[in-house]
Amino acid sequence: MVFREGSPSLPLPLVKRVATQAPQQKRGCYMKDLLEYIARNLVDNPEAVQVRERVGRFTVTYELSVHPDETGKVIGRSGRVAKAIRDVMSIAAARQNKRVHIDID
């Protein structure tokens, strides 16, 4: 068993596991904040933006709700803006080995 200096009671593999688990919780919150930030900057009524999160084992689903009159701004022509949002969120999710789905209401 290998022990790290300054922490003789914790074996090295346990220290690595604890150190890598803490930032993952912040990253999940980061993805939700990222989606909320993008959506708020696209619409005229940012107070009406709501993001709900459902977490699975390997997937995270975000439900994005905006004012009914501004749904078109989030979706864009032929879904281009929605696709761009999904691409950015997929990159953020890939960094933590997850998949992300975004439902726009």
HN-Hα J in Hz across the stretch 85-95 - Karplus 6.51, -1.76, 1.60, θ = phi - 60°, x for Gly and Pro: 5, 5, 5, 5, 5, 5, 5, 5, 6, 5, 5
Residue-wise HN-Hα coupling along the stretch 40-52, computed from phi with Karplus coefficients 6.51, -1.76, 1.60 (Hz; x: Gly, Pro): 5, 7, 8, 9, 8, 10, x, 5, 7, 6, 10, 10, 10
Spacing of the two label points (7 Å from each Cα toward its C-beta) at Arg77 and Arg54, in nm: 3.3 nm
For Arg99, distant residues with modelled amide H under 5 Å away: Thr59, Val60
Global form of the stretch 22-105, assessed from the alpha-carbon gyration tensor, a/c cut-off 1.5: prolate
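Just so you know, all these numbers are worked out from the coordinates, no wet-lab data involved. Please read all numbers here as calculations on a predicted model, not as lab measurements. Cβ coordinates were reconstructed from backbone atoms using ideal geometry, including for glycine residues, and neighbour counts include every protein chain displayed.
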